[in-house]
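The values are calculated or read from the model by the stated rules, or taken from the named source; none is laboratory data. Just so it is clear, the model here is predicted, and its values are computed rather than measured. Please note: Cβ atoms are built from the backbone with ideal geometry, for glycine as well, and neighbour counts cover all protein chains shown.
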Amino acid sequence: MLPRFDARTFETITPEMKTAFERDGVLVLDGLVSAEMCDRLRARMAEMIDGFDVEEHRTIFSTTGRNHDQDAYFLESGHETRFFFEEEAFGEDGELTKPLPLAINKVGHAMHDLDETFGAFARQDAFKNICEGLGQANPLPLQSMYIFKQPQIGGEVVCHQDGTYLRTDPETCLGIWVALEDATEENGCLWGIPGGHKDGGLRSAFRRKPDGDGTYFEKLDDRPFAEDKKVALPAPKGTALVFGGMFPHMSSANRSNKSRHAYTLHVIDGAAHYPADNWLRRPDSLPLKGF
Ligand SMILES: O=C(O)CCC(=O)C(=O)O
């Protein structure tokens, strides 16, 4: 059983929290975010979906397999607000099988720098104190995702390390994942491998091609993750799970009738080097900014 910390009155990372984080690779902070803040973010996302143009999106994703437009839609999402669908959201006729708000898999990846409500949520003092308390000298929110894990069609997220996608040298990435509604084994909560962050290094790197146009995975270590050691990380609404870039984690498909909305913020240390072959590149017009 992983320790759970009552974080309703959280101010700073305690020595006990730091010990647990270093040992397990993950920190469970119950009640870190108030129900009101969770609801405010959900309401704002509902408004953003209302303003989303499905037709424009359909044009980009109209052909089977990835094409240049799809790659660009994803690559630009590092400095935009982009909408990605659940794989099972479209029928064979190419039409949505669910109403739009129940068809989107996630929205990412720069809302924390583009939208006032998301910015206020992402830059709450508690998150800054977590990053500093866990050793970051100059925490920089890099990307964020609103993840829906929709009822019945919410897709599986296979076991991965966030350092695969967001690399710094040395490794400094921190993920702060917040349950915006109860996340249980039934509706696809996160799972993780306690201590797995120390089991060898990064398994793979997701890189931008040198010409900037497209991405590829590079295998760095063939050993599989020790998935037999994974544990469920159920998270009541308002709980935050904090994990580093080496922590192997995953979530299963959601076949239940309940959604599992979550918001995750990834923060790097500006004191570390950010290699140019990361997929996420910010243009000069939207530089990273601290808390
Ligand atoms: O919410 C999920 O199911 C996956 C989230 C995740 O892998 C992450 O935030 O790094």
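Restricting to the range 108-155, name every residue that is under 17 Å from Val33 (Cα atoms), within 16 Å of the ligand (Cβ to nearest atom) and of a type in the set (A, V, I, L, M). Working first, answer last.
Taking the range 108-155 first, the residues under 17 Å from Val33 (Cα atoms) are 112, 117-131, 144-147.
Narrowing further to those that are within 16 Å of the ligand (Cβ to nearest atom): 112, 118, 121-122, 127, 130-131, 144-147.
Matches in the range 108-155: Ala122, Ile130, Met145, Ile147.
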Gly200 vs (1) within 13 Å of the ligand (Cβ to nearest atom); (2) small (Gly, Ala, Ser); (3) free of Cβ contacts under 8 Å to residues at least 24 places away in the same chain: all pass except (1)
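Each row is one residue, and each column tells you yes or no for (1) on the phi > 0 side of the Ramachandran plot; (2) among the hydrophobic types (A, V, I, L, M, F, W, C); (3) outside any strand (DSSP E or B).
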site: Lys98; (1), (2), (3): no, no, yes
site: Cys131; (1), (2), (3): no, yes, yes
site: Ser144; (1), (2), (3): no, no, no
site: Pro151; (1), (2), (3): no, no, yes
site: Arg167; (1), (2), (3): no, no, yes
For the range 78-101, does any single residue satisfy the condition of being within 14 Å of the ligand (Cβ to nearest atom), surrounded by 17 or more Cβ atoms within 10 Å (Cβ to Cβ), of a type outside the set (A, V, I, L, M) and farther than 22 Å from Val54 by Cα?
no
Out of (1) within 28 Å of Glu76 (Cβ to Cβ); (2) outside any strand (DSSP E or B); (3) away from the ligand (no atom under 15 Å from the Cβ), what's the single condition that is false for Glu218?
(2)
Scanning the range 2-30 for residues that are assigned to a loop (DSSP other than H, G, I, E, B) and more than 19 Å from the chain's Cα centre (by Cα) gives Leu2, Pro3, Ala7, Arg8, Thr9, Phe10, Glu11, Thr12, Ile13, Thr14
Within the range 47-69, work out how many residues are at pLDDT below 80 and either part of a helix (DSSP H, G or I) or of a type in the set (Ser, Thr, Tyr) (or both).
11
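Quick one: in the range 238-288, of everything that is away from the ligand (no atom under 16 Å from the Cβ) and touching an Asp or Glu at 6+ places or on another chain (Cβ under 7 Å), which residue is farthest from Pro3 (Cα to Cα)?
Step one: filter the range 238-288 for residues away from the ligand (no atom under 16 Å from the Cβ), giving 257, 269-277, 281-288.
Cutting the leftovers down to touching an Asp or Glu at 6+ places or on another chain (Cβ under 7 Å) gives us 272-273, 275, 286.
Details: Ala272: 30, His273: 33, Pro275: 35, Leu286: 38 Å.
Ranking the candidates gives Leu286 first.
Counting only residues that are more than 13 Å from the chain's Cα centre (by Cα) and of a type in the set (Val, Ile, Thr), which one in the range 128-157 is farthest from Ala262 (Cα to Cα)?
First, pick out the residues of the range 128-157 that are more than 13 Å from the chain's Cα centre (by Cα): 128-140, 150-156.
The next check asks that each one be of a type in the set (Val, Ile, Thr); those that pass are 130, 153.
Numbers: Ile130: 18, Ile153: 16 Å.
Looking at residues that are more than 13 Å from the chain's Cα centre (by Cα) and of a type in the set (Val, Ile, Thr), I get Ile130.
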Is it true that Ile49 is within 16 Å of the ligand (Cβ to nearest atom), buried (at least 16 other Cβ atoms within 10 Å of the Cβ) and β-branched (Val, Ile, Thr)?
no
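Could you tell me whether Tyr216 is buried (at least 18 other Cβ atoms within 10 Å of the Cβ) and of a type outside the set (Gly, Ala, Ser)? Even if it seems obvious, please write down each step before you answer.
On the way: buried (at least 18 other Cβ atoms within 10 Å of the Cβ): no; of a type outside the set (Gly, Ala, Ser): yes.
For Tyr216, the condition - buried (at least 18 other Cβ atoms within 10 Å of the Cβ) and of a type outside the set (Gly, Ala, Ser) - is not met.
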Give Gly175, Gly188 a once-over and let me know the one that is touching a residue at least 40 places away in the same chain (Cβ under 8 Å), closer than 22 Å to Pro101 by Cα and touching a strand residue (DSSP E or B) at 6+ places or on another chain (Cβ under 8 Å).
Gly188
